[in-house]
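Notes for the one structure printed next.
What follows draws every value from the coordinates through simple rules; no lab data is involved. What you are looking at is a predicted structure, and each value in this text was computed from that prediction instead of being measured. Cβ: placed from backbone, ideal geometry, glycine included. Neighbour counts: every protein chain shown.
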Amino acid sequence: MTPAEGVTPRSLVQRILAAKLSNPFRRAAGYLVLDIGSSSVKMAEVHHGPNGPRLAMLDVAPLPPTVVQSNVVQDEGPVVEAVRAVIARRGVQARQVITAVPGPAVMVKKVVLQAQTGAAIESAVLAEAGHLIPDSLDNVNLDYQVIDWIESGNKMEVLVVAVKKDIINSYTNAIRAAELEPVVVDVDYFALENMFELNYEASNGQPMALVNIGARYSSINILKGGRSTFTGDVPVGGAEYNDALVRQLGVSPADAESLKQGRAAGGADPAAAEQVLGSVTELIVEEIQRALSFFWTAATDEPLGAIFLSGGPARMPGLAAELKQRLDCTVEVADPFRRAQVERGVDRLLIERSGPSLAVAVGLATRRPGDK
């Protein structure tokens, strides 16, 4: 295997995730995007035209917190019910699905090995992967690509990517149980990057970070010159707000969600709720700051120029401002619909209310059945 021009973690991950999916060329109609998260499933119906993807439908359906755990769909029943309900309510005809697995479920590593050729490369990579992957290689989808030769030391740099088969299958099986066809499986890190490329101009200057704050974890993709140089995740997310409100104020989970959104609920003292929310914001900012400091040091020695936040909690009061103060760089809440084409019948109130939380779904909409 020779060094490949333009091989990136994104392209290699997409290659290994393409295995064993349905025939993408069977139907030329629109397709569905499903972003199955730990608190909700975001759905979009997409049609591709000469000017790119057009969003014909958007919807969000809540999921119980036990459905997705440890990056795996543990209970496909609620996913199937939610998806079928949206399809019936919205009159969706598309049946092919583009979805994503969580970034923490994907291992991406660069390794330096003794220069070899032919079958010897695969043997060397498999031997190295056996040390890198804490599981049997029979249980993962694995791929690799030689990305550089280091002539001075007779070495080669190899990009290795692995995803557990059980994780991929948990998502595709849930989709099939809803009588749909999974045709593309992406990773949320790279869907986020696609969303950014659709809506913003790539900077050729300082590195920038895309930070998507989910319910249970936050994904980070650091870009330089329009290319991903590092991906990672932080085990904090918007559910921290809900958990803290329930624990400290004794309110129900439903009331905690209302309080998080700034509405009075559960007889809670508004000042006390604000204090709890503020302390959680500090925690999330601290964890993101620590992760970014580590990640961008690993990715580049240049200062970070900008951060684009997405995910439901991105609009929490004080979060962007606190991150900007701590990291001394531009911090902006990303708008996934800044340049995206949206058809007339799409729920504009949903876009206004939940725009940043739909970032991964919009990024997935840029993919097409048949993509590798």
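As a test of the formula, what do you get for the chain when each DSSP H run with n ≥ 4 contributes -39,500 (n - 2.57) and the sum is divided by the residue count, at 222 nm and rounded to the nearest 500 deg cm²/dmol? Could you put the intermediate results ahead of the total?
Values: 11 runs with 135 residues, N = 372.
Calculated at 222 nm, the ellipticity per residue is -11500 deg cm²/dmol.
What FRET efficiency, computed as 1/(1 + (r/R0)^6) with R0 = 45 Å and r the Cβ-Cβ distance, is obtained for Gln289 and Ala88, rounded to the nearest 0.05?
Working: r = 44 Å, r/R0 = 0.98.
Working from the Cβ atoms, E equals 0.55.
To the nearest 20 debye, what charge dipole does the chain have about its Cα centre, counting +1 at the Cβ of each Lys and Arg and -1 at the Cβ of each Asp and Glu? Intermediate values should be presented prior to the final figure.
Values: 35 positive and 43 negative charges, 221 e Å.
The calculated dipole for the chain is roughly 1060 debye.
If I take R0 = 22 Å and measure r between the Cβ atoms of Gln248 and Glu282 in this structure, what FRET efficiency does the formula 1/(1 + (r/R0)^6) give, to the nearest 0.05?
Details: r = 14 Å, r/R0 = 0.65.
My answer for the efficiency is 0.95.
May I ask what percent, to the nearest 5, of DSSP beta bridges between residues of the chain are antiparallel? It would help to have the intermediate numbers written out before the result.
Working: 50 of 70 bridges.
Approximately 70 percent, going by the DSSP bridge assignments.
Give me the angle, in degrees from 0 to 90, between the Cα long axis of helix 270-299 and the longest principal axis of the Cα atoms of the chain, rounded to the nearest 10.
Once rounded, one gets 10 degrees.
Hey, which of these cross-link pairs are over 21 Å Cα-Cα: Lys42/Lys324; Lys109/Lys324; Lys110/Lys224; Lys42/Lys224? Don't skip to the answer; put the middle values down first.
On the way: Lys42/Lys324 29 Å; Lys109/Lys324 30 Å; Lys110/Lys224 18 Å; Lys42/Lys224 29 Å.
Exceeds cut-off: Lys42/Lys324; Lys109/Lys324; Lys42/Lys224.
Taking a ≥ b ≥ c as the square roots of the eigenvalues of the Cα gyration tensor of region 201-333, is the shape rounded (a/c under 1.5), prolate (a/b larger than b/c) or oblate? Could you put the intermediate results ahead of the total?
On the way: a/c = 2.71, a/b = 2.51, b/c = 1.08.
Judged from the Cα gyration tensor, region 201-333 comes out prolate (a/c at least 1.5, a/b above b/c).
Among Ile121, Ile213, which comes first, second and so on when ranked by fewest other beta-carbon atoms within 10 Å?
Working: Ile121 19, Ile213 27.
With the fewest neighbours first, Ile121, Ile213 line up as Ile121, Ile213.
Please work out the FRET efficiency for the pair Arg353 and Asp138, using the Cβ-Cβ distance as r and a Förster radius of 45 Å; give the result to the nearest 0.05.
Numbers: r = 45 Å, r/R0 = 1.01.
Using R0 = 45 Å, I get an efficiency of 0.50.
Under the rule of at least 5 residues apart or a separate chain, name every residue whose amide H is placed under 5 Å from the amide H of Phe230.
Amide H neighbours of Phe230: Ile222.
Roughly speaking, what is the stretch gain from Gln206 to Ala115, that is 0.36 nm per residue apart minus the C-alpha to C-alpha distance, in nm to one decimal? All intermediate terms of the calculation are to be shown ahead of the outcome.
Details: separation 91, 0.36 × 91 = 32.76 nm, distance 3.33 nm.
Result for the pair: 29.4 nm of gain on full extension.
Counting other Cβ atoms within 10 Å, which trypsin sites (Lys or Arg not before Pro) in region 245-284 have at most 16 and lie in a DSSP loop? Write out the running numbers ahead of the final one.
On the way: sites: Arg247, Lys260, Arg263; in loops: Arg263.
Filter output for region 245-284: Arg263.
Taking a ≥ b ≥ c as the square roots of the eigenvalues of the Cα gyration tensor of region 258-372, is the shape rounded (a/c under 1.5), prolate (a/b larger than b/c) or oblate? Write out the running numbers ahead of the final one.
On the way: a/c = 2.46, a/b = 1.09, b/c = 2.25.
Oblate, because a/c is 1.5 or more while a/b does not exceed b/c.
Convex hull over the Cα atoms of the chain, averaged projected area in nm²?
On the way: hull surface 78.0 nm².
That works out to 19.5 nm², a quarter of the Cα hull's surface.
Could you check the simple spin-label distance between Asn51 and Asp301, using points 7 Å along Cα→Cβ, in nm with one decimal?
Between Asn51 and Asp301, the simple spin-label model gives 4.6 nm.
Spelling out what I want: for every residue of region 35-52, take phi, set θ = phi - 60°, compute 6.51 cos²θ - 1.76 cosθ + 1.60 (Karplus), and round to whole Hz; glycine and proline get x.
Karplus-based 3J(HN,Hα) across region 35-52 equals 9, 8, x, 7, 10, 6, 10, 9, 10, 9, 9, 10, 10, 9, x, x, 9, x Hz.
For Val101, what charge total do you get from the other residues with a beta carbon under 12 Å from its beta carbon, if Lys and Arg give +1 and Asp and Glu give -1? Show your work: numbers first, answer last.
Numbers: positive: Lys164, Lys165; negative: Asp35, Asp166, Asp186, Asp188.
Surrounding charge for Val101 is -2.
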